[in-house]
Amino acid sequence: MFDSGDPEANRKRMVDRLVDRGRIERERTIEALRTVPRHAFVPDSRRSAAYADRPLPIGEGQTISAPHMVGIMCDLLALEPGEAVLEIGTGCGYHAAVTAEIVGAENVYSVEYVETLARAADERLGELGYDVSLRVGDGHEGWPSHAPYDAIYLTCAAASVPDALLAQLRIGGRLLAPIGERRQELVSVRKRDDGLERERHGGVRFVPMQGSAE
Ligand code: SAH
């Protein structure tokens, strides 16, 4: 595809295509993807591919999720301004920034397992004005001190939904996660006062969640 070299124009074209193909629908999601400068989150050597709709390597064997996947996850969670959101797997911070555009950066909490990635994401998000709260740790444990959350999502695949995360969700809150090992499915869970309501959203491919499920 012709690359004009103008990140804003390329970003707009990428988002327009996602909308045309019906991959993202909610106005808040579309606006957020139109706003966050994805090229600022990818390594310099990958800048020219920042607005192609695919995952890219970000170092430490990890990847930045494809824009359509970030958009689909925001749509499925139906995030609203002011909601408290916990992200597991900060990576380069791109998805956290998109979430921050919707709910407000002060409402976003993110846990990353790899310290070097967390440090780089913290610096980058700060420079771009997204003052989200980051912590280095094992996302299986969530971040109890800021619970309960309205929404929790994982950007790495867990073998099963970690109990600690369900415990940190408020009643009425929803969780979205890739679940499985070799075969993964995107699964949403709504926490009701009388139990959990699960829904499956098809096959996906995310990096595996590290650490311990115990
Ligand atoms: N949201 C990111 C995608 C990151 S890829 C983005 O927009 O770029 C998934 C991330 O999950 C990786 O950074 C990986 O290090 C992290 N991860 C893996 N296991 C984890 C765990 N147990 N707790 C927290 N983060 C974890």
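The values are calculated or read from the model by the stated rules, or taken from the named source; none is laboratory data. Just so you know, these numbers come straight off a predicted model, no measurement behind them. Cβ: placed from backbone, ideal geometry, glycine included. Neighbour counts: every protein chain shown. Side chains included, ligands, DNA and RNA excluded: accessible areas come from the protein's heavy atoms. Shrake-Rupley method; radii C 1.70, N 1.55, O 1.52, S 1.80 Å.
Being in contact with a strand residue (DSSP E or B) (Cβ under 6 Å, 6 or more places away or on another chain) and of a type in the set (Lys, Arg) is not true of residue 26. Of all residues in the range 95-115, at least one satisfies being more than 18 Å from residue 79 (Cα to Cα) and surrounded by fewer than 19 Cβ atoms within 10 Å (Cβ to Cβ). Inclusion of residue 91 among residues that are buried (at least 24 other Cβ atoms within 10 Å of the Cβ), touching a residue at least 12 places away in the same chain (Cβ under 8 Å) and on the phi > 0 side of the Ramachandran plot is warranted. Is it the case that the range 16-39 has a residue that's farther than 24 Å from residue 204 by Cβ, open to solvent by less than 30 Å² (accessible area, probe 1.4 Å) and touching a helix residue (DSSP H, G or I) at 6+ places or on another chain (Cβ under 7 Å)? Within the range 16-39 (the criterion being farther than 24 Å from residue 204 by Cβ, open to solvent by less than 30 Å² (accessible area, probe 1.4 Å) and touching a helix residue (DSSP H, G or I) at 6+ places or on another chain (Cβ under 7 Å)), the answer is yes, since at least one residue qualifies. When the range 180-214 is filtered for residues that are assigned to a strand (DSSP E or B) and within 15 Å of the chain's Cα centre (by Cα), the ones remaining, listed by number, are 186, 187, 188, 204, 208. Selection over the range 167-186 of residues that are within 25 Å of residue 64 (Cα to Cα), of a type in the set (A, V, I, L, M) and open to solvent by 10 Å² or more (accessible area, probe 1.4 Å) gives a count of 1. Only residues that are within 16 Å of the chain's Cα centre (by Cα), within 10 Å of the ligand (Cβ to nearest atom) and not in a strand (DSSP E or B) were counted across the range 115-137, and they come to 3.
For residue 152, state whether it is assigned to a strand (DSSP E or B), farther than 25 Å from residue 20 by Cβ and more than 10 Å from the ligand (Cβ to nearest atom). Spelling it out, residue 152 is indeed assigned to a strand (DSSP E or B), farther than 25 Å from residue 20 by Cβ and more than 10 Å from the ligand (Cβ to nearest atom). Selection of the range 139-150 for residues being buried (at least 23 other Cβ atoms within 10 Å of the Cβ) and more than 20 Å from residue 204 (Cα to Cα) yields 142, 149.
Checked against the criterion of being open to solvent by less than 20 Å² (accessible area, probe 1.4 Å), farther than 19 Å from residue 90 by Cα and without any contact (Cβ under 8 Å) to a residue 40 or more places away in the chain, the candidates 189, 132 yield just one match: 189. Screening the candidates 186, 165 for the property of being of a type in the set (A, V, I, L, M), within 12 Å of the ligand (Cβ to nearest atom) and either touching a Gly at 6+ places or on another chain (Cβ under 8 Å) or more than 23 Å from residue 28 (Cβ to Cβ) (or both) yields one hit, 165.
Scanning the range 40-74 for residues that are farther than 17 Å from residue 7 by Cα, more than 10 Å from the ligand (Cβ to nearest atom) and open to solvent by less than 30 Å² (accessible area, probe 1.4 Å) turns up 71, 74.
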